[in-house]
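Okay, structure first, notes after.
Derivation of every value follows stated rules applied to the coordinates shown; laboratory data play no part. Remember, it's a predicted structure, so these values are computed and weren't measured experimentally. With ideal geometry, Cβ positions are generated from the backbone for all residues, glycine too; neighbour counts draw on all protein chains shown.
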């Protein structure tokens, strides 16, 4: 290894391993995701300086850009404070994980050990016949492994289509247009014609789950968006010291 | 004269990096000024004209003001990620410019070198990869702010960038097929005779549309839709951290324009009438001028769009990306690949290929007319009207069979008033 390569290796090695350790030690799930993104990017740079530019770019675009981003989306949307459950959901999962881990370690050892025994050719020598790294990868994917490649892509497409089919719901009634909604609102007797009242502002409450007050001092229950209409009674204090109690009728399927 | 990449002396690499950095910052300052002046002109105003000649230094003055503002970190924010997010955004946008060829081989202090920091066989993929890391800045900014609007803005923004990155990547495939390379300098040299905007016009149109979506600019600036989301992902940011996001947005605009110039407009090559009249137009430092001119042509279009078009609705925008841009580019890739394969392996030249395709299309058109005539003669004129489809026949919800139409919702006004009456629900 040249001096520059050695320097790059040590910097990247620290970043890669540090990212992996950080992922294990982080309390927050999003921080863990960020640490593992760091590991992935460092690995991509390692591939790049080891004459595998295509693998490096694919690593970043697919793993960092798509897979980790999907993870981040899920973590952000379903709430990240949920505590980890230690219950084994799939029976024998831990044992299987340990076995597969040991197997992978053995494979890795065999691979690295083989390097010390056999003479190393180098990636450049291996790909020079095809005219470069990119061309060599293309020849293998679309030449020798074309069947495996096509089968894999068929599998992925099947999975995507399957997910769409499972989440698809057939529409029973056509979609109402804006004009129809408006007409229905104004011909209906019960639906309000004006926009809904805004949530209230009190001395010690200022949030969307606080109902506004009607002229007679009772809470306007409609002013609270449906997701915040909790079943238990809530009390609020107005600026002049009155206490307001908001109770939503049970079984109101809003 | 051509020089291989990766052999520059260390001082030259540092110099080039510094020049690219300064170039991008200056272009950003100038673009901000240009945008304010041009949009002002389009809206019958004058725009900033006080600081410096023609108000040119207004951007710098605003930058100084921005930097001196109070830096607020919300109490609910995740501090480390909140600080990290603008840094990711700002650094990644500079990195992407490293592979853009600004000109041919020139002599800098006696050393012959390419006017490009570096290049490698997957340079265009490198730009896509860096762009996908840049999305992290936006997503993390939205999440770490600990507030609703930034989170919604970040989700919109990243969904938008990821969707339009697909269309963008697909539009590049045709260029790769024609150039036979993914390296930016080789793509430029492959356009010696004809620019790809002429050969691959559909790809160019798809790319330019998706680059506006990719940079979150009007009319696709939904993540910053101020009427709905305040400022989008950067609502909670202030002072220098906001400035970094602002800088990143403008540099991203410059980068996608530079990539469009490189891939479709011949990069640093002189426009057609100049290069035929003047032989020296494509050597020395002149190409830098052509490159910058093309770059600013794109930036002007960005500004023009912002001054002209209203913002799209989010669902329309997503529908356009997934149901129009992506399928159209897929079909176009198949056409381009088939034509290439026929010309290369079957030795069919393009004129005979066009003739064959034309003949096949004509036969198909004639056949469809003949079939239509035959069917209409055989079928009786009067078709019995089908009974209207009832989605709740027998009291159970039943999806329509193929050929049956959904009833209009006006027929079931009761359903609407109960579900849509409470629009907050």
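What share of all Cα pairs of region B:163-207, in percent, falls into each consecutive 10 Å distance bin?
Result returned by the calculation: 29, 58, 13, 1.
If you take the alpha carbon radius of gyration of region A:178-246 and divide it by 2.2 N^0.38 Å, what ratio comes out, to two decimals? Let's see the in-between values first.
Details: Rg = 14.3 Å, N = 69, 2.2 N^0.38 = 11.0 Å.
Rounded to two decimals, the normalised Rg is 1.30.
Relative contact order for region B:69-345: what is it in percent, counting Cα pairs under 8 Å that are at least 6 residues apart? Please list the in-between numbers first.
Working: 421 pairs, mean separation 71.3, N = 277.
Relative contact order for region B:69-345 comes out at 26 percent.
If you line up the Cα atoms of region B:239-278 on their principal axes, what length do they span on each, largest first, in Å?
Dimensions of region B:239-278 along the principal axes of its Cα atoms: 51, 17, 9 Å.
Please compute the volume of the convex hull spanned by the alpha-carbon atoms of region A:96-210 and report it per residue in Å³. Show your work: numbers first, answer last.
Numbers: hull volume 46.5 nm³, N = 115.
For region A:96-210, the hull spanned by Cα atoms encloses 404 Å³ per residue.
From Cα pairs below 8 angstrom and at least 6 apart in sequence, can you work out the relative contact order of chain A, rounded to a whole percent? Write down the numbers at each step before the final one.
Details: 193 pairs, mean separation 21.7, N = 254.
With pairs under 8 Å counted, the relative contact order is 9 percent.
Peptide A:172-179: average number of partner chain Cβ atoms within 10 Å per residue? Don't skip to the end; give the middle numbers.
Working: counts 11, 11, 9, 3, 9, 3, 0, 1.
Mean shielding by partner chains, rounded to a whole number: 6.
Sticking to Cα atoms, compute the Rg of region B:130-177 to one decimal and its Dmax as the biggest Cα-Cα distance, whole number, in Å.
13.4, 46
Write down Rg/Rh for chain A, rounded to two decimals, with Rg from the C-alpha atoms and Rh from the Kirkwood relation over Cα pairs. Kindly include the intermediate steps, with their values, before the conclusion.
Working: Rg = 29.9 Å, Rh = 25.7 Å.
Rg/Rh: 1.16.
Just rank B:183, B:368, B:171, fewest to most, by other beta-carbon atoms within 10 angstrom.
Details: B:183 22, B:368 10, B:171 28.
Sorted ascending by nearby Cβ count, the order is B:368, B:183, B:171.
For chain A, modelled as a Gaussian network with Cα springs under 10 Å, which listed residue fluctuates most, A:164, A:244, A:102?
With Cα springs under 10 Å in chain A, the top fluctuation among A:164, A:244, A:102 is at A:244.
Can you give the angle from 0 to 90° between the axis of helix A:93-117 and the longest principal axis of chain A, with both taken from C-alpha atoms, to the nearest 10?
Compared with the principal axis, the helix lies near 30 degrees.
How do A:121, B:69 line up, fewest other C-beta atoms within 10 Å first? Please list the in-between numbers first.
Working: A:121 8, B:69 12.
Exposure proxy ranking, most exposed first: A:121, B:69.
Given N residues in region A:1-81, what is its alpha carbon radius of gyration divided by 2.2 N^0.38 Å?
Details: Rg = 14.2 Å, N = 81, 2.2 N^0.38 = 11.7 Å.
For region A:1-81, the normalised Cα radius of gyration comes out at 1.21.
Ranking B:144, B:345 by Cβ neighbours within 10 Å, fewest first, what do you get?
On the way: B:144 26, B:345 8.
In increasing order of surrounding Cβ atoms, one gets B:345, B:144.
In region A:26-63, which residues have a backbone nitrogen under 16 Å from the label point lying 7 Å from residue A:120's Cα in the Cα-to-Cβ direction?
Within reach of a label on residue A:120: A:46-52.
What FRET efficiency do you get for residue B:107 and residue A:50 if R0 is 35 Å and r is their Cβ-Cβ distance, rounded to the nearest 0.05? Spell out each step's value before the answer.
Details: r = 33 Å, r/R0 = 0.95.
For R0 = 35 Å, the calculated efficiency reads 0.60.
List the relative contact order of region A:1-81 as a percent without decimals, with contacts defined as Cα pairs under 8 Å and 6+ residues apart.
Working: 71 pairs, mean separation 23.0, N = 81.
28 percent.
For chain B, what class follows from the C-alpha gyration tensor (a ≥ b ≥ c being the square roots of its eigenvalues): rounded when a/c is under 1.5, otherwise prolate if a/b is larger than b/c, else oblate?
Working: a/c = 2.29, a/b = 1.22, b/c = 1.88.
Here chain B falls in the oblate category.
Note down the nm distance, to one decimal, between modelled labels 7 Å out along Cα→Cβ at residue B:355 and at residue B:309.
Going from the residue B:355 label point to the residue B:309 one covers 4.1 nm.
At residue B:376 and residue B:240, where each label point lies 7 Å from the Cα along Cα→Cβ, what is the point-to-point distance in nanometres?
7.4 nm
Grab the Cα-Cα distance for residue A:232 and residue A:11, subtract it from 0.36 nm times how many residues apart they are, and report the gain in nm with one decimal.
Details: separation 221, 0.36 × 221 = 79.56 nm, distance 5.68 nm.
Answer, rounded to one decimal: 73.9 nm.
How large is the translational diffusion coefficient of region B:77-224 in µm² per second when you combine the Kirkwood radius over alpha carbon pairs with Stokes-Einstein at 37 °C and 0.692 mPa s? Let's see the in-between values first.
Working: Rh = 17.0 Å.
The calculation lands on 193 µm²/s.
Take the alpha-carbon positions of region B:274-364, form their convex hull, and give its projected area averaged over all directions (one quarter of the hull surface) in nm².
Working: hull surface 45.4 nm².
That works out to 11.3 nm².
So what's the angle, to the nearest 10 degrees on a 0 to 90 scale, between helix A:3-25 and the longest Cα principal axis of chain A?
Tilt of helix A:3-25: around 40 degrees.
Give me the mean projected area, in nm² to one decimal, of the convex hull enclosing the Cα positions of the protein assembly as shown.
Averaged projected area of the protein assembly as shown's Cα convex hull equals 45.0 nm².
So what's the gap between the Cα centers of region B:7-66 and region A:18-70, to the nearest angstrom?
34 Å
Where does the Debye-calculated log10 I(q)/I(0) of region B:1-46 sit at q = 0.22, 0.25, 0.32 Å⁻¹, using only Cα point scatterers of equal weight, no solvent?
For region B:1-46 at q = 0.22, 0.25, 0.32 Å⁻¹, log10 I(q)/I(0) is -0.79, -0.87, -1.01.
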